[in-house]
1. Using r as the Cβ-Cβ distance of A146 and W73, and R0 as 41 Å, what FRET efficiency do you calculate, to the nearest 0.05?
2. Any chance you could look up the accessible area of L159 with a 1.4 Å probe, heavy atoms only, rounded to 10 Å²?
3. Counting Lys and Arg as +1 and Asp and Glu as -1, what is the net charge of the other residues whose Cβ lies under 11 Å from the Cβ of F140?
4. At q = 0.10, 0.17, 0.19 Å⁻¹, what base-10 log of I(q)/I(0) does the Debye formula yield for the range 1-129 when every alpha carbon is treated as an equal point scatterer in vacuo?
5. Counting only the heavy atoms of the protein chains, how much of E74 is accessible to a 1.4 Å probe, in Å² to the nearest 10?
6. What is the sum of charges, Lys and Arg at +1 and Asp and Glu at -1, for the other residues whose Cβ falls under 12 Å from the Cβ of F30?
7. Within the range 88-175, list the trypsin sites (Lys or Arg not before Pro) lying in a DSSP loop whose Cβ has at most 14 other Cβ atoms in a 10 Å radius.
8. With a Förster radius of 25 Å, plug the Cβ-Cβ distance of W153 and W132 into 1/(1 + (r/R0)^6) and report the FRET value to the nearest 0.05.
Amino acid sequence: MVVHQEAAPRKSRADAERNRLHILDVAEEFFAEHGVSGAMQDIAKRAGLGPGTLYRHFPTRESLLATLLQARWEELDARRAEIEAEHGDPLAALELWLTALGDYVTVFDGLPGPLREALRETTSPLAITCEWLVEITGQFLAAAQAAGCARPWVRDRDLVLTVLASEWVSDAQLADEGSGDSLRAIVREGWHMPPALRNPSPTSRPRDSGGRETIPAG
């Protein structure tokens, strides 16, 4: 009798874990098809489970998205390590990381929106994901700034926000196939330090923000 009493909780836990993994598989497919704004009830229906089971495992849409993104984190972190190992040029490394970041935050349509909100809502389940993204972006940015390739006033948090914003706008109704590349180029011009402004020699004239020489007054 004792054996049966102990076996029941184990079976219950196994069923719960099986349901959890099934929900994640279904949600991955559902968000890929419909974007992150799809109804949670539709995910439960597709999984063949009641809404209560879904919400016991994932109380909010953000908690479900956070778990799905964590599963993809190893892939992004491997890309980070690859960039660091293969590219000694801080400028190229930052550009490649921002491209990888853009790919990561657009794995589902509409994902940049919840991530932008999580940057200011520290209680969001997605907040830890955003903190990781900001921290790693800061490492690449600091290296580029130390090499004079990135403007010194650019902040890691703001750079992540611009990536999220540009990727979000790329999916807007007025955007076309070239909008994504154009927006990324505009963002690059914002943080990139023009060669003419990098480490000027003592005899060079001062230059304005566009790299043009200025003549001191007087």
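The values are calculated or read from the model by the stated rules, or taken from the named source; none is laboratory data. Keep in mind that this is a model prediction, so the values were computed, not measured. Positions of Cβ are generated from backbone atoms using ideal geometry, with glycine treated the same way; all protein chains shown enter the neighbour counts. With ligands, DNA and RNA removed, areas are computed over all heavy atoms of the protein, side chains included. Shrake-Rupley method; radii C 1.70, N 1.55, O 1.52, S 1.80 Å.
1. Between A146 and W73 the formula returns 0.95.
2. Estimated to the nearest 10 Å², L159 gives 10 Å².
3. Spelling it out: positives minus negatives among the neighbours equals -3.
4. -0.44, -0.94, -1.07
5. Surface open to solvent at E74 totals about 150 Å².
6. -3
7. Sites meeting the loop and neighbour criteria: R155.
8. For R0 = 25 Å, the calculated efficiency reads 0.60.
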